[in-house]
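Rule-based calculations on the coordinates, nothing more; no lab input. Note that the structure is a prediction, hence the values are computed from the model and not measured. Quick reminder, even Gly has a Cβ in these numbers, built from the backbone with ideal geometry, and neighbours come from all protein chains shown.
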Amino acid sequence: MNKLLLTTILSIGIALPSIAATPQPGETLAENQNYTYWLLDAIKSMDPQINTDVEGSGIMRSLFEGLYNEDQVGSLVPGVATSYELSDDKTTYTFHLRDNAKWSNGDPVTANDFVYAWKRLADPATASEYAWYIELMQIENASEIIAGEKPVDELGVRAIDDQTFEVKITAPLPYFPKMTTHASVFPVNQKVIEAFGDKWTEPGNLVGNGAYVLKEHILGEKVVMEPNPEYWDNEHTILQHVTALTINDNDAALTRYLAGELDRVQIPAGQYPRLKAEYPDEAISVPQSCSYIYMFNLDKAKGPAALQDVRVRKALSYAIDRDIIVNNILQGGQAPSYNWTHAATEGFQMPEIDYATWSQAERTAKAKELLAEAGYGPDNPLNLTLNYNTSEAHKKIAIAVQQFWKGVGVNLTLNNMEWKVHTDKMQNQDFEVARYAWCGDYNEASTYLDLFTSYSGHNNGKFFSEDYDRLMKESKTAADPAPLYEQAEQILADEMPLAPIYQYTKVEMIKPDLRGAGLNNLMQNWYLKDMYRVAN
Amino acid sequence: MLTYIAKRLAIAVPTLLLLIIISFLLMHAAPGGPFTQERALPPQVLANLEAKYGLDQPLWRQMVTYVWGIVSGFDFGPSFIYKDRTVNEIIAQGFPVTLTYGSLSFALAVLVGVTLGVFAAIYHNSWLDYLAVGVSIGAQVLPNFVMAPILVLVFTLWLRWLPGGGWEGGQWQYIVMPVIALSTSFMASIARITRSSMLEVLNSNHIRTARAKGLPERKVILRHALKPAMLPVISYLGPAFVTMITGSVVVDIYFSTGGIGKSFVDSALNRDYAVMMGVTILVGALTILFNLVVDILYAWIDPKIRY
């Protein structure tokens, strides 16, 4: 790439203030700055390139810091990078790193640490489950390296100097900077990894560059973190002692919250109205970037013939009374959904989807009409099977849908299975209708919409539309992809390869004196360094 | 006797091997694998993972490598899910926890169960008998998944006497509720077995003889009745002890002890092959060991039994 062509067209963050925990005017800090929160499961790994789950990512964001962080509403704020430039052809990013970033052992954080971590993510020897993320970021040669066709050193990243990190991507990717907040592309310390090998993530060995250090990690019991004195912005870190307790049973966790042992916990399905009435300051429900659907199997060989008919798919979707599901079953402020992308996704404009505006009576009438047109009725009833994985909430929704569909003359057999079996069957197109949910990897509509492209690895229902593929390809280079996303959603509504059901909310109990938990961040990414407790 | 023990231990080896082979095959026959997840991994990424964990090898070779790892270095392999840990580390962390609350539960269950059973039999058809039977049936129908939430509700939420979960290195406050929750149903079974066995012994000829020659009742019970009455109890206690010290999934989940009990279910659901094999072998080996202990105790208690 000709460096002379590089032009600064974007340079964010230089003028932004530091975004550490900053009490608002009028707030007094509490004396107690301890925080204990709930983990459903044990943390699978403390290694940013190995970790795969959401709960682990929360801990990664505390122990490590990537190029950018998110603020309270999910917008980008500087992390280790203070600004970046993008080349004219939109394929070379040059990140400028702060010179005062340090590892918890006192070493400076340099561009080489990012080079090492990103190569490590792609390296087949690391065998990261999230290696696909670096492919998703379209970094030069990432796919070839993962496939073992090129050496790791050919990954399109390099350190121009200690404070300048350059990344080359294969095609323009408007949301690329947003992707740098993901834990799998956090830097790691090569020296420490090489010294301790697989044991580098143990407390005492682990060296991070985040605002906190790991004090204790007892698998399945707890994780304890304390501020990292070497962190560049440590003077703004307020919480002094943070404990994450693993409690595998949500009800048990709620009881312990009510007994004062936890400061934050998820509310089990269906309990929100009761808790909201009893603890109005503590029970909250905020949007979360996940979408709950029933996927139809359109595979020509393995899917049922009836689902090849768009009228049938539409009828099935129309017949679902989403209001009953969200208001009577889930009861946690979830939004009924008639499209695929979460409505609150940044920059996403909701298309006008016809059936979203109808009444349920109109939808049901239309469903009956469509089924009759397709040749199904009392004489020729449609029989389908729904696969869902074990969970009380999934079961209740499935039973409700069974009733809704019965109302339009469709017999639905419910097929409950263990999660791994469910997943395995979906990925092998061994299903008719299947319960599915998808959570955004980043706050941009393509994280949802890419799934239904013919080249997506997650398109388990095997929906193919040339127009849809074209729109999604165009969106990658478009100055404003929003209209293209709208059209893509319109195709989904017309072709109905899925029945959207509801969009998630995060329904939690949280102590009212806690601040800075990023509740308005749709990705629900919080940073311990931004949190604090106020005196009541 | 020593030859007998040696023979039994020699048989244990092929038994364990058979256990390993069957578990291994069953485990791999289950749909999905450790890396099956909602968002399917791209084929290349999956291939790299399978290569790293040896899952790309033919099944027989995986099994041979696995068994060789155990035999040559007592190495049970890495966890496929908790990737920072080896199976040895997971067991080394979790087993002491379940061993602690399990042994205490066992001691409590035996102490209370046997006492209740003996007294119920001695005072057969009295109010004491009815009470003991009532209590043991009550305990039996209150399984630990019902006991655990009730205990937490009462002692943590209402009375605020005990923490609702955690282990904290095994401080007593954290042990009380797991022990109660785990021991009750065992206690009930022990009481019922003791009672019926004791009743049978008390009606036998040698007890009648003992009474006829004028021995005081206390001596009749302690010297002549208790020992033979314990035989069926002991054969129950062997496997029960193994079950208790390897923990309970309900106790581990509900009280967040970090014990090994949860690994049984977790590893199976996660298809964490190595952990699943590790805990299966642990329980298998302990079961074989304690069945042997039971047989030795039998010979010691009952002079009619000779090996």
At what distance in angstrom do the alpha carbon centres of the range A:259-312 and the range B:218-260 lie from each other?
43
Straight-line reach check, A:LYS395, cutoff 19 Å on alpha carbons, 8 or more apart in-chain or any other chain, hits among lysines -> A:LYS406, A:LYS420, A:LYS425
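Would you list B:TRP167, A:TRP200 from fewest to most Cβ contacts within 10 Å? Write out the running numbers ahead of the final one.
Values: B:TRP167 25, A:TRP200 19.
Fewest-to-most ranking of B:TRP167, A:TRP200: A:TRP200, B:TRP167.
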Given an 8 Å cut-off on Cα distances and at least 6 residues of separation, report the relative contact order of the range A:375-506 as a percent.
18
Which residues in the range A:272-286 place their backbone N less than 18 Å from a point set 7 Å from the Cα of A:ASN536 along the Cα-to-Cβ direction?
A:276-284
Sequence order, the range B:105-115: Karplus ³J(HN,Hα) from phi using 6.51 cos²θ - 1.76 cosθ + 1.60, θ = phi - 60°, Hz rounded, Gly and Pro as x, gives 4, 4, 4, 5, 5, 5, 4, 6, x, 5, 4
Quantify how strongly other chains surround peptide A:249-262 by giving the mean number of their Cβ atoms within 10 Å of each of its Cβ atoms.
5
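Starting from the eigenvalues of the Cα gyration tensor, five times each then square-rooted, give me the equivalent ellipsoid semi-axes of the protein assembly as shown, largest first, whole Å. Don't jump to the answer; show the numbers that get you there.
Working: eigenvalues 563, 227, 160 Å².
The three semi-axes for the protein assembly as shown are 53, 34, 28 Å.
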One finds, for B:LEU157 and A:SER456 with R0 = 45 angstrom and r their Cβ-Cβ distance, a FRET efficiency to the nearest 0.05 of 0.45
Relative counts (whole %) of C-alpha pair distances in chain B, using bins that are 10 Å wide
6, 21, 25, 23, 15, 7, 2, 1, 0
Starting from the Cα of B:LYS219, draw a straight line to each of the lysines and keep only those under 28 Å, dropping any in the same chain fewer than 8 residues away.
B:LYS227, B:LYS304
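From other protein chains only, count the Cβ atoms within 10 Å of every residue's Cβ in A:419-427, then give the mean. Write down the numbers at each step before the final one.
Details: counts 6, 11, 5, 4, 7, 7, 2, 3, 7.
The mean count of partner-chain Cβ atoms within 10 Å per residue comes to 6.
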The extension gain from B:LEU99 to B:GLN171, computed as 0.36 nm times the residue separation minus the Cα-Cα distance, is 24.5 nm
Positive-pole candidate from A:THR36, A:TYR130, A:TYR84, dipole of the range A:36-130, charges at beta carbon:
A:THR36
Under 5 Å between amide H atoms, partner at least 5 residues away or on a different chain: which partners does A:SER83 have, H built in plane at 1.01 Å?
A:HIS96
Against the longest alpha carbon principal axis of chain A, how many degrees, from 0 to 90 and to the nearest 10, is the axis of helix A:54-63 turned?
10
Karplus-derived 3J(HN,Hα) from phi for the range B:23-34 (6.51 cos²θ - 1.76 cosθ + 1.60, θ = phi - 60°), whole Hz, x at Gly and Pro, runs 4, 4, 5, 4, 4, 6, 7, 5, x, x, x, x
Please name which of B:GLY278, A:TRP340, A:VAL223 has its Cα lying farthest along the dipole of the protein assembly as shown towards the positive end, using unit charges on Cβ (Lys, Arg +1; Asp, Glu -1) and the Cα centre as origin.
B:GLY278
Using label points projected 7 Å from each Cα along Cα→Cβ, tell me how many nm separate A:GLU149 and B:SER235, to one decimal.
6.7
Amide H neighbours of A:LYS222 under 5 Å, at least 5 residues apart or on other chains, H built in the peptide plane: list them.
A:THR246
Cα convex hull of the range A:446-536: mean projected area in nm², to one decimal?
8.7
Burial ordering of B:HIS224, B:HIS28, fewest other beta-carbon atoms within 10 Å first
B:HIS28, B:HIS224
What pairs from A:LYS119/A:LYS199; A:LYS396/B:LYS262; A:LYS90/A:LYS119; A:LYS396/A:LYS462 go past 24 Å between their alpha carbons?
A:LYS396/B:LYS262; A:LYS396/A:LYS462
I need the shape label for the range A:307-458. Rule: rounded when a/c is under 1.5, else prolate if a/b > b/c, else oblate, with a, b, c from the alpha carbon gyration tensor.
rounded
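State, to one decimal in nm², a quarter of the convex hull surface area for the C-alpha atoms of the range A:332-419, i.e. the direction-averaged projected area. The partial results should precede the final answer.
Numbers: hull surface 30.6 nm².
If you wrap the Cα atoms of the range A:332-419 in a convex hull and average its projections, you get 7.7 nm².
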Taking a crude spin-label model, label points 7 Å out from Cα along the C-beta direction, the B:LEU9 to B:LEU25 distance in nm is 3.0
Across A:123-132, the residue-averaged tally of Cβ atoms belonging to other chains within 10 Å stands at 6
Projected label distance in nm at A:ASN428 and A:ALA393, using a 7 Å step from Cα toward the beta-carbon:
2.9
Compute a Gaussian network model of chain B, connecting alpha carbons closer than 10 Å, and tell me which residue from B:GLN93, B:GLN44, B:GLN140 fluctuates the most.
B:GLN44
Quick check: residue separation of A:THR385 and A:THR28 times 0.36 nm, minus the Cα distance between them. What number comes out in nm?
122.8 nm
